[in-house]
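Reviewing the structure listed below.
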Amino acid sequence: MEHFDSIIIGSGQAAPSLAVGLARRGQDVALIEGNQLGGTCVNTGCTPTKTLRKSARVAHLMRRATDFGVHVGAVDVDFSAAMARMKERVTTSRTGLTSWLEGTEGVALLQGWGSLDGHDATGRFVVAVGDRRFTAERVFLNTGTRAFAPPIPGLSEAPHLDNTSLLALDERPDHLIVVGGSYIGLEMGQIFRRLGSDVTIIHRAPLLAEREDPDVSRIIGELLDEEGVTLQLDAVIDSVGRSMRGVLVTLADGSEISGSHLLLATGRTPNTDRLNLSSVGLDTDQQGYLPTDDLLRTAVPGIWALGDMNRRGAFTHTSYHDHEIVLASLDGMTSLHQWRGADQRPPTYAMFTDPPLGRVGISLSEAQALVATGRNLLAAEMPMAQISRSKEEGETTGLIRLIVDAESETLIGATVFGIGGDEIIAVLSNFMATGASYRIMQQALPVHPTVAELLPTILAGLKPL
């Protein structure tokens, strides 16, 4: 058996940088991947969807051209060209990642599905890749998640897509039915509507993206409705089946929706089922996630779990941050702010609809619940329609909302829904990481004309909840 200092199973966002980081610390590292390097983000997530989003946004702006005094005529989307641009970007990204890893001394790339296989006679972990066996003192798991298919009657016989197969299409769907009105479903629904498909979104709750504040959810619904997306809210699916058109969805109220394609955007499930965790004494929770402490260590010393599979953040940026926590912990760097454990980082994410939604910390609804328990909190907000740059750009949908702890004066929550929201939220999350008083941001000198220049002004309007 070949021996390594560390073995990484899976190549999600944490894995490549972790492999290089460990190698630069003098370790011999094996990175095992059974499918494509880069995991979901590079291959079926961030890279392809944001590339396709740009094509959809250009088409949308062209349709709005007369709003800005520009006449372009009829807008014709070349769907195959947009998909080819997306696929080229994915290939380039994956090729660059492969070259980086192959060019790093101390990193060995192993193709195949890796799984644990107990210990050898010296107590080292054994990892199986097909018929081959390798050992290591440390094992890092970064196998991510895959699309979850809910138990809908008839689904096994009906053609359906997930986030991976959707992006492999060569022809534009005539009518895309999206099951699930949360982040992936909303992003893909808007993108394909702008690319020329009819789109229906079926959601079981009365509001879209119900994790968000109700007013934000309502704005999202209004935005999609204005763009021609059909919304079926508070809807329960009774069954799905084939139809002459492609697929037929029957709701519990008896109504039927016929479409050419069906996309399931109903959540994710962790890829832990083929890791043979029991061979080293590890157990997942009931949903298949692998629990860790705040330094990403599992219950078995010498094994870490990073990324989506540890249920500490289902995002590329949290996965990447996981690897930083692990390296810092191994280096003994535990006191620096950026190396705090995973328990200390606030929820931070964006929904990449257009306009995007950026979120960090607690929502207004969560803040109101804390106030009910005696917490002293402040809040202020401003509609995008009152911000000059938004009006100049002709993109006035959304709002900025800030929440502050009155006792510590620290910023504990922010919502930026609107133009630049995915970028502006980084200003607020970075500021939150300092633990500084909001008054420092209030006194900062902003650049005009920008959307973010209103942050000090909004903070000046803080009022008790």
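Rounded to the nearest 10 Å², what accessible area does H3 show when all protein chains are kept and the probe is 1.4 Å?
110
So what are region 224-312's ellipsoid semi-axes, whole angstrom, largest first, if each one is the square root of 5 times an eigenvalue of the alpha-carbon gyration tensor?
Here the semi-axes work out to 41, 16, 11 Å.
Cα centroids of region 351-418 and region 161-205: how far apart, whole angstrom?
28
So how much slack lies between K54 and D5, counting 0.36 nm per residue of separation and subtracting their Cα-Cα distance, in nm?
Once the chain is fully extended between K54 and D5, it gains 13.4 nm.
Counting only heavy atoms of protein chains, what accessible area per residue, in Å², does region 276-375 have with a probe of 1.4 Å?
Accessible surface, normalised per residue, equals 45 Å².
Using each residue's phi in region 245-252, evaluate 6.51 cos²θ - 1.76 cosθ + 1.60 at θ = phi - 60° and report the 3J(HN,Hα) Karplus result to the nearest Hz, with x for Gly and Pro.
Coupling constants for region 245-252: 7, x, 9, 10, 10, 10, 8, 5 Hz.
Over all distinct alpha-carbon pairs, what is the Kirkwood Rh of region 1-130 in angstrom?
Here the Kirkwood hydrodynamic radius works out to 17.5 Å.
If the reach is capped at under 14 angstrom between alpha carbons, list the aspartates and glutamates near K463, excluding any in the same chain fewer than eight residues apart.
E381, D405, E407, E409
Once amide H atoms are built 1.01 Å from N in the peptide plane, which residues 5 or more positions from S239, or in another chain, come under 5 Å H to H?
T250
Quick one: putting +1 on the C-beta of Lys and Arg, -1 on the C-beta of Asp and Glu, what dipole do you get for the chain around its Cα centre, in Debye to the nearest 20?
Taking the Cα centre of the chain as origin, the dipole is about 480 debye.
Efficiency by 1/(1 + (r/R0)^6): what FRET value for E409 and E105, r their Cβ-Cβ distance, R0 = 56 Å, to the nearest 0.05?
That pair, E409 with E105, gives E of 0.70.
Which FRET efficiency value, to the nearest 0.05, do you get for L445 and S388 by plugging their Cβ-Cβ distance into 1/(1 + (r/R0)^6) with R0 = 25 Å?
0.90
Would you kindly derive the ³J(HN,Hα) couplings of region 221-230 from the backbone phi angles with the Karplus curve 6.51 cos²θ - 1.76 cosθ + 1.60 (θ = phi - 60°), listing them in order in whole Hz, with x for Gly and Pro?
Once rounded to whole Hz, the list reads x, 5, 4, 5, 4, 5, 8, x, 7, 7.
Between T145 and residues 5 or more places away or on another chain, which pairs have amide H atoms under 5 Å apart, with H built 1.01 Å from N, and which residues are they?
Counting only residues 5 or more places away or on other chains, the set is N271.
What FRET efficiency, computed as 1/(1 + (r/R0)^6) with R0 = 30 Å and r the Cβ-Cβ distance, is obtained for T250 and E210, rounded to the nearest 0.05?
My answer for the efficiency is 0.80.
Quick one: of the DSSP bridges fully inside the chain, what percent are antiparallel, nearest 5?
60
How many percent of the accessible area of region 329-399 is carbon or sulfur, using a 1.4 Å probe?
50
For a quick check: with amide H placed at 1.01 Å from N, whose amide H comes under 5 Å from V178's, ignoring anything fewer than 5 positions away on the same chain?
Those qualifying (amide H under 5 Å, at least 5 residues apart or on another chain) are T200, I201, I202, L263.
Suppose each label sits 7 Å from its Cα in the direction of the beta carbon; what would the L233-T457 distance come out to in nanometres?
In this crude label model, L233 to T457 measures out at 3.0 nm.
Once phi is turned into θ = phi - 60°, what whole-Hz ³J(HN,Hα) does the Karplus curve with 6.51, -1.76 and 1.60 give for every residue of region 129-140, x standing for Gly and Pro?
10, x, 8, 8, 10, 9, 10, 7, 6, 10, 10, 10
What does the extension gain come out to for L330 and A168, with contour length at 0.36 nm per residue minus their alpha carbon separation?
So the extension gain works out to 54.3 nm.
What number, rounded to the nearest 500 deg cm²/dmol, is the helix-based mean residue ellipticity at 222 nm of the chain, given -39500 (n - 2.57) per DSSP H run of at least four residues and division by all its residues?
Only helices count here, giving -9500 deg cm²/dmol.
Answer with one residue from I8, I32, H71: the one whose Cα lies farthest towards the positive end of the charge dipole of region 1-93, charges on Cβ with Lys, Arg +1 and Asp, Glu -1.
Working it through, the farthest residue towards the positive pole turns out to be H71.
Could you work out the relative contact order of the chain, using alpha carbon pairs under 8 angstrom and six or more residues apart, expressed as a whole percent?
In percent, rounded to a whole number, it is 13.
What percent of all Cα-Cα pairs in region 356-465 falls into each 5 Å bin, going from 0 up to the bin containing the maximum distance?
For region 356-465, the pair-distance distribution reads 2, 13, 24, 26, 19, 10, 4, 1, 0.
If you consider only alpha-carbon coordinates, what radius of gyration and Dmax does region 352-394 have, in Å?
14.5, 42
Kindly report the accessible area of region 61-213 per residue (heavy atoms of protein chains, probe 1.4 Å, no ligands, DNA or RNA), in Å².
I get 48 Å² per residue for this part.
The values are calculated or read from the model by the stated rules, or taken from the named source; none is laboratory data. Small disclaimer: the values here were computed from a predicted structure and weren't measured. Note that each Cβ is placed from the backbone with ideal geometry, even for glycine, and that neighbours are counted across all protein chains shown. Areas reflect the complete protein model, heavy atoms only, side chains present, ligands, DNA and RNA absent. Shrake-Rupley method; radii C 1.70, N 1.55, O 1.52, S 1.80 Å.
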